[in-house]
1. With the cut-off at 17 Å, report for region 127-184 the share of all Cα pairs above it, as a whole percent.
2. Give the total of Lys-Lys pairs in the chain with Cα-Cα distances below 23 Å; include a pair only if its members are 8 or more places apart or on different chains.
3. Would you work out which of 37, 94, 158 lies farthest towards the positive end of the dipole of the chain? Charges go on Cβ: Lys and Arg +1, Asp and Glu -1.
4. Suppose accessible area is computed on protein heavy atoms with a 1.4 Å probe; arrange 147, 39 from highest to lowest.
5. Mind checking which helices in the chain clear 18 Å along their axis (Cα) and have mean Kyte-Doolittle hydropathy of 1.0 or more, DSSP H runs only?
6. Using +1 at the Cβ of each Lys and Arg and -1 at the Cβ of each Asp and Glu in the chain, identify which of 138, 121, 107 lies farthest towards the dipole's positive end.
7. Which residues does the label zone of residue 60 cover in region 136-157, counting backbone N under 18 Å from a point 7 Å along Cα→Cβ?
8. Roughly how many percent of the accessible protein surface of the chain is carbon and sulfur, given a 1.4 Å probe and a whole-percent answer?
Amino acid sequence: MANSIGRNTMKASDLRGVSIYQEKKRTVYYDVLTKSGYVINNAEVRNYMLFSNRHTAIILGAVVIYYLSNNVVLSVGLGIAALIAVEFIFRKTFLHKLPEIKAYNRPKKQSYVDSIAADETVTRIILLLVIGVLLAFMLIYNIATGVYKDQLSVIMSYLVIAGAIVLTVLHGIALIKKLTNKNK
């Protein structure tokens, strides 16, 4: 009995991201270092997903190392070493297997605001707005009450607050676009 539980049912056409471009009959990963495109087929989707969040995972790992050791040099050093190692592994074990498109001309992508306005529901956009505002207020409150005592925590909190405010504004613009386009 064929069962799809546990199988990878995601297709290359389902992939999204900063460096992913969906063309009519193929999915292309654009490498900014080599200015080349690499065609991702359905068989390689699982391997791509393994590497897709490598930068975020390394940054989170470096933050955890900082909080465990309270040593900025150690956390940044290990983060950079991990970034170099993982990027090398990504290129040698994944990218080199894919069909390459030399000097790939990237098609123009839809803007973040337009994609949110087109793809998300009004309820989800409102929830993202509320989350951004609450996150910013929570961090401001924690800074004001002294929860974050060391300088790096305060700086990181301000960066997250700035990001939350930017995303809140972008989602607000997307909500306005969605509501005005709905009425037309």
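1. In whole percent, the share of Cα-Cα pairs in region 127-184 beyond 17 Å is 46.
2. Summing the qualifying lysine pairs gives 27.
3. Value: 37.
4. 147, 39
5. Passing helices, by number: 54-69, 72-93, 122-144, 151-182.
6. Ranked along the dipole, the leading option is 107.
7. Taking a point 7 Å out along Cα→Cβ of residue 60, the residues of region 136-157 whose backbone N falls under 18 Å are 157.
8. 66 percent
The values are calculated or read from the model by the stated rules, or taken from the named source; none is laboratory data. This one's a predicted model, so the numbers in the text were calculated from it and none came from an experiment. Here the Cβ is made from the backbone with ideal geometry for all residues, glycine too, and neighbour counts use every protein chain on show. Quick note on the areas: whole protein, heavy atoms, side chains included, nothing else; ligands and nucleic acids left out. Shrake-Rupley method; radii C 1.70, N 1.55, O 1.52, S 1.80 Å.
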